[in-house]
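The values are calculated or read from the model by the stated rules, or taken from the named source; none is laboratory data. All values reported here derive from a predicted model rather than from experimental measurement. Counting neighbours? That spans all protein chains shown, and the Cβs are built from the backbone with ideal geometry, glycine included. Accessible surface areas use protein heavy atoms only, side chains included; no ligands, DNA or RNA. Shrake-Rupley method; radii C 1.70, N 1.55, O 1.52, S 1.80 Å.
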Amino acid sequence: MDCKETLVHLQDLLDGELENSLEVKVLEHINNCWHCDEIKQNETKLKELIKEKLPYSKSTPSSVAYVIKNIMSVIQLP
């Protein structure tokens, strides 16, 4: 598994939504790649900050969705 494929599955990994065999492959790559490990750490911190700062809601307000889209557009993939 390469960086590009790993990062495609990163959000599902962080959400606990990967099937076991794919999770093992993604984690194996992350454990051996400093770049993907750093991205995983940053994404984990971002998710924690969002949970901490935003109250839970079943629907995401459009303003929050807009901010998240802007953040994601800045993140550079290898």
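Observations on the structure shown:
- Exclusive hit being out of contact with any Gly (no Cβ under 9 Å at 6 or more places or on another chain), at pLDDT 75 or above and in a helix (DSSP H, G or I), set Glu23, Glu43: Glu43
- Single match in Lys25, Lys45 (criterion: free of Cβ contacts under 8 Å to residues at least 60 places away in the same chain and within 21 Å of Asn70 (Cβ to Cβ)): Lys45
- Residue within region 61-73 that is at pLDDT below 85, open to solvent by less than 100 Å² (accessible area, probe 1.4 Å), β-branched (Val, Ile, Thr) and not in a helix (DSSP H, G or I) present: no
- Condition broken by Met1, with the remaining ones in (1) at pLDDT below 95; (2) in a helix (DSSP H, G or I) satisfied: (2)
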